[in-house]
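Heads up: the structure comes next, in structure tokens.
The values are calculated or read from the model by the stated rules, or taken from the named source; none is laboratory data. Just so it is clear, the model here is predicted, and its values are computed rather than measured. Glycine also receives a Cβ, built like all others from the backbone with ideal geometry; neighbour counts cover every protein chain displayed.
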Amino acid sequence: MKTVPVLLFTLLASLSAREVPKTGIFFKKVQLSDKYLTEGASIGDINADGKPDVVAGPLWWQGPDFQKSHAYEPVIVFPITGYSPNFFTFPDLITKDKWADILKVGHPTRPAHLAINPGEKSVSYTHLTLPTIYSV
């Protein structure tokens with residue numbers, strides 16, 4: 001009966017001693033904010049500098065170090081006990097110029113919002129409220 005625990009221990013020890021293969025892919029955790037602002041985040045080149053930026057709720061952070069944030073609409077902190085109305089943010093070249101626009105989608109049945117060129121420094125950006133879109 002003592003053989004089973006010894007074999008099990010030997011098997012577990014040999015599995016844990018195996019080396020994890022190196023992939024060459026590394027990740028670094030970067031905390032953008034300690035506030036609850038949004039349900040999700042996206043990546044896009046908001047300021048057209050060729051470096052990926054992060055968009056989360058009403059803010060975007062300049063890449064590549066993501067230390068500087070910019071608000072493209074009023075920043076509201078939400079209680080962690082419920083949902084934020086900032087569900088998804090989609091950066092894309094919607095207006096077909098060189099500046100990324102941000103489509104923000106909130107709760108179902110609520111209007112979406114489009115921030116036009118929030119990364120362009122010399123021009124104030126425009127907000128459009130889009131009609132509510134229902135899906136069945």
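For this structure, a couple of remarks:
Conditions tested, residue by residue: (1) at pLDDT below 85; (2) of a type outside the set (Val, Ile, Thr); (3) loosely packed, with under 10 Cβ neighbours inside 10 Å; (4) in a loop (DSSP other than H, G, I, E, B).
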position: MET1; (1), (2), (3), (4): yes, yes, yes, yes
position: LEU7; (1), (2), (3), (4): yes, yes, no, no
position: LEU15; (1), (2), (3), (4): yes, yes, yes, no
position: GLU19; (1), (2), (3), (4): yes, yes, yes, yes
position: TYR36; (1), (2), (3), (4): no, yes, no, yes
position: GLU39; (1), (2), (3), (4): no, yes, no, yes
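- Complete set of residues in the stretch 46-75 that are at positive phi and out of contact with any Leu (no Cβ under 7 Å at 6 or more places or on another chain): ALA48, GLY50
- Of the criteria (1) assigned to a loop (DSSP other than H, G, I, E, B); (2) among the charged types (D, E, K, R); (3) crowded, with 17+ Cβ neighbours inside 10 Å, which one GLU73 fails: (3)
- Residue among PRO111, PRO79, PRO91, PRO52 that alone is in contact with a strand residue (DSSP E or B) (Cβ under 9 Å, 6 or more places away or on another chain), surrounded by fewer than 17 Cβ atoms within 10 Å (Cβ to Cβ) and modelled with pLDDT of 90 or more: PRO52
- The stretch 43-61, residues that are within 19 Å of ASP97 (Cβ to Cβ) and either polar (S, T, N, Q) or under 11 Å from the mean Cα position of the chain (by Cα) (or both): GLY44, ASN47, ASP53, VAL55, TRP60
- Here LYS29 meets each of (1) surrounded by 11 or more Cβ atoms within 10 Å (Cβ to Cβ); (2) of a type in the set (D, E, K, R); (3) under 15 Å from the mean Cα position of the chain (by Cα) with one exception, condition (1).
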